[in-house]
Amino acid sequence: GDDEAFLHDHHARAPAAVGLGIDTSQPDWPELLSTPEHALKVSLWFWGTRHLQEKADQDDLLGITRRVNGGYNGLSDRQAYLQRAKFFPAPPPDESTFHKHGASRRLAT
């Protein structure tokens with residue numbers, strides 16, 4: 001549908017939007033986006049262009065899933081991941097506090 005066409009177009013624009021220099025005329029270009037060196041940049045770009053932070057601030061998992069998938073595929077997995085993630089405390093509000101204690105600190109188990 002319209003959402004699927006939009007997401008395909010959006011996905012095709014990602015390499016140029018984040019400055020990856022990937023040639024989207026090559027057949028393997030989508031696989032290159034999933035490499036560790038590119039995945040985070042593309043994910044953050046997608047998060048921003050789809051305005052997902054607004055949904056996250058509202059704790060709207062259904063809305064995020066709809067914007068990501070165009071439907072509700074994988075919703076139960078996302079619900080489980082979200083519940084596990086909420087178990088951990090939020091980071092300190094002041095980023096400099098985090099760095100004072102060392103960015104590589106480990107979570108207590």
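Only the coordinates and a few stated rules stand behind these numbers; no lab work does. This is a predicted model, so every value here is computed, not measured. Note that each Cβ is placed from the backbone with ideal geometry, even for glycine, and that neighbours are counted across all protein chains shown.
The table below lists the values:
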{"quantity": "Peptides 50-62, 12-24, 79-91 ordered by average Cβ neighbours within 10 Å, highest first", "calculated": "12-24, 50-62, 79-91"}
{"quantity": "Equivalent-ellipsoid semi-axes of the range 12-58, from the Cα gyration tensor, Å, largest first", "calculated": "23, 10, 8"}
{"quantity": "Residue-wise HN-Hα coupling along the range 49-61, computed from phi with Karplus coefficients 6.51, -1.76, 1.60 (Hz; x: Gly, Pro)", "calculated": "6, 8, 6, 6, 5, 4, 5, 5, 4, 8, 6, 9, 5"}
{"quantity": "Radius 13 Å from Cβ of residue 60, net charge of other residues (Lys, Arg +1; Asp, Glu -1)", "calculated": "+2"}
{"quantity": "Dimensionless Rg/Rh of the range 25-81 - Kirkwood Rh, Rg from C-alpha atoms", "calculated": "1.04"}
